[in-house]
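A short write-up of the structure that comes next.
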């Protein structure tokens, strides 16, 4: 269980992670909304039907859309597992860390309020807190790869003129994003277990 001090220190980052996750998930819905709006206006079918270049590209791209989406799906899961593997977590925990380094904003100014929170942590909790930026980076990469599946469906829909084409792609994106929902606390608890295997200096 996380200490109250550690919970307070990671709370802003948990909030940021949740906002970023919601933004990425909403963007998937927005792709569909745009396409269905275009369909209602008649511009989607008109674009696909009146442009001979699009008509020629669609049958060429269609057979590859599924495999491309599958590659992105496997990458989203695989890259996430690799970035958050036990060996990488242990390597991160072996690095020296200071409150000042973790409280530095964009390599320039030190956030005084965050520095106060970090200085209240035990050395162990400070090491665990250093895992959070790495976790957020891995989460964003997973979400970006998941969203790329919807982009494939979006392009295919523009070429085919049928907004229902995007639905399986968007569904797969949202499923992958659901598995990538930010759980900063759970990641830190996992880091605590790995910390037991790290040689103490």
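How many residues are closer than 19 Å to residue 193 by Cβ and surrounded by fewer than 19 Cβ atoms within 10 Å (Cβ to Cβ) when one looks only at the range 93-125?
Our first condition is that a residue be closer than 19 Å to residue 193 by Cβ; within the range 93-125, this holds for 93-95, 97, 121-125.
With the extra rule that they be surrounded by fewer than 19 Cβ atoms within 10 Å (Cβ to Cβ), the set shrinks to 94-95, 97, 122-124.
Qualifying residue count for the region: 6.
Just the residues that are surrounded by 15 or more Cβ atoms within 10 Å (Cβ to Cβ) and either under 14 Å from residue 160 (Cβ atoms) or at pLDDT below 90 (or both), please, taken from the range 9-30. If the condition is that a residue be surrounded by 15 or more Cβ atoms within 10 Å (Cβ to Cβ) and either under 14 Å from residue 160 (Cβ atoms) or at pLDDT below 90 (or both), then 9, 10, 13 are the ones that fit. Looking at the range 132-139, can you tell me whether even one residue there is at positive phi, within 21 Å of the chain's Cα centre (by Cα) and surrounded by fewer than 13 Cβ atoms within 10 Å (Cβ to Cβ)? No, the range 132-139 contains no residue that is at positive phi, within 21 Å of the chain's Cα centre (by Cα) and surrounded by fewer than 13 Cβ atoms within 10 Å (Cβ to Cβ). Total residues in the range 157-171 satisfying the condition of being at pLDDT 90 or above and either buried (at least 22 other Cβ atoms within 10 Å of the Cβ) or within 15 Å of residue 83 (Cβ to Cβ) (or both): the figure is 2. Residues in the range 39-73 that are at pLDDT 85 or above and surrounded by 11 or more Cβ atoms within 10 Å (Cβ to Cβ): 9 in all.
For the range 86-201, please list each of the helices (runs of 4 or more DSSP H) lying entirely inside it that holds at least 3 residues being touching a helix residue (DSSP H, G or I) at 6+ places or on another chain (Cβ under 7 Å) and in contact (Cβ under 8 Å) with a residue 60 or more places away in the chain.
Qualifying helices (runs of 4 or more DSSP H): 86-94, 112-119, 123-129, 131-160, 166-179, 184-195.
Taking residue 33 as the residue in question, decide whether it is surrounded by 14 or more Cβ atoms within 10 Å (Cβ to Cβ) and modelled with pLDDT under 95. It is false that residue 33 is surrounded by 14 or more Cβ atoms within 10 Å (Cβ to Cβ) and modelled with pLDDT under 95.
The values are calculated or read from the model by the stated rules, or taken from the named source; none is laboratory data. Quantities reported herein were computed from a predicted structural model and do not represent experimental measurements. Neighbour counts are summed over all protein chains in view; Cβ atoms, including those assigned to glycine, are modelled from backbone coordinates with ideal geometry.
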